[in-house]
Amino acid sequence: MALTAAVTLNIHAAEQAVGVRPETALRLMELAADESTTAKQLEEVIDADLSMTVRTLKLANSAFFGMPTRVSRIDRAITMLGVANIAKLAASGSLESAFSHITIDAPGITAETPWRYAVAVALATEIITRQCPATSSVGTRRLGAEAFVAGLIHDLGTLVQARLAPSPFGEAVRQSLRTGLPLVSMEQRLIGIDHAQIGLMLARHWQLPPTLANAIGYHHEPLAADPEHRSLACVIYIAAQLVRRGGIASFDGDTDTPHLEHAMDHLHIDPLRIDKIATAIQARVAATPGK
């Protein structure tokens, strides 16, 4: 219960536990969503942060993208992979350090698990948003950019739990993985607060856009999100469920998907396509680069 008080009374403890703020990722999200973004504009944002530049190039050169030759400059990477792809990779690079040094003693969990899972969910959103009917390419592009960043940060609350309440959170993870019950239920029972609630508190503290805040706070119960911001929460819910179904390890052992069909209905995606979407996601994340 100490964590509940710490987060409620001092949000800065949770912020320090995460270690990074998502402003750069949000700026990159806006660039990815805007069709008029030039390569030069993107290059300037990335080159302003050496560590982000290094991480972006590392991801661009990973086997996942199958580049014919290694690239050592951001401008060359943009030329080969495009503005939107590099903006998303840079967003990943700007957040990667938050996922470092998380140790949970549970079957199948390694130091790479939190980051690999976050990237896999972000990549899965690309498959799902392409299935969403949209009135314009602008709408599709914006939803895709927002969903990618939301996929990366939707579980930031687990990082707070792991750092501020490592023992009870570790037990919550172990019980969830052993029983197949939702991690949030185990957290509520053992800690008194769950990672989605913590994530929502952080999102509001950081004054993130309401769409992103709802996606973070309601990614386990997307239909409980504010109606005008529900679509992104549904995308993240579907992505997370299908990534876990595809075998990517996470802290959550939940095997039930009570909201899956309703979330797909909300996005006007034919539920009969679920197996094809799941297969596409599995192929997409199979080569997800680790840290």
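Every number here is computed from the coordinates shown, using simple stated rules; none is lab data. Model, not experiment: these values are computed from the prediction. Positions of Cβ are generated from backbone atoms using ideal geometry, with glycine treated the same way; all protein chains shown enter the neighbour counts.
Annotation: amide H-H contacts under 5 Å for Asp254 (H modelled 1.01 Å from N, sequence separation of 5 or more, or interchain): Leu183. Measure nothing but the geometry: give the 0 to 90° angle between the long axis through the Cα atoms of 23-33 and the longest principal axis through the Cα atoms of the chain, rounded to 10°. Orientation of helix 23-33: about 50 degrees from the principal axis.
Highest average first, the peptides 55-62, 101-108 ordered by how many other beta carbon atoms sit within 10 Å of their residues are 55-62, 101-108. The distance between label points at Arg130 and Lys58 comes to 2.7 nm (points 7 Å beyond Cα on the Cα→Cβ vector). Considering only Met80, Met52, Met29, the mean-square fluctuation computed in a Gaussian network model of the chain, springs between alpha carbons under 10 angstrom, is largest for Met80.
Mark the label point 7 Å from the Cα of Asp49 along Cα→Cβ and return the residues of region 85-103 whose backbone N is within less than 18 Å of it. Residues passing the 18 Å test: 85-101. 3J(HN,Hα) couplings calculated from phi for region 70-81 with the Karplus curve 6.51 cos²θ - 1.76 cosθ + 1.60 (θ = phi - 60°) are, in sequence order, 6, 10, 10, 10, 5, 4, 5, 4, 5, 4, 7, 10 Hz; Gly and Pro show x.
Between region 46-122 and region 214-242, the alpha-carbon centres lie 24 Å apart.
Label point of Arg189 set 7 angstrom out along Cα-Cβ; within region 148-181, amide nitrogens under 20 Å from it belong to 158, 161-162, 165-181. In the chain, the calculated helix contribution to ellipticity at 222 nm averages -19500 deg cm²/dmol per residue, counting -39,500 (n - 2.57) for every DSSP H run with n ≥ 4. Estimated from the Cβ-Cβ distance and a Förster radius of 30 angstrom, the FRET efficiency linking Thr38 and His12 is about 0.20.
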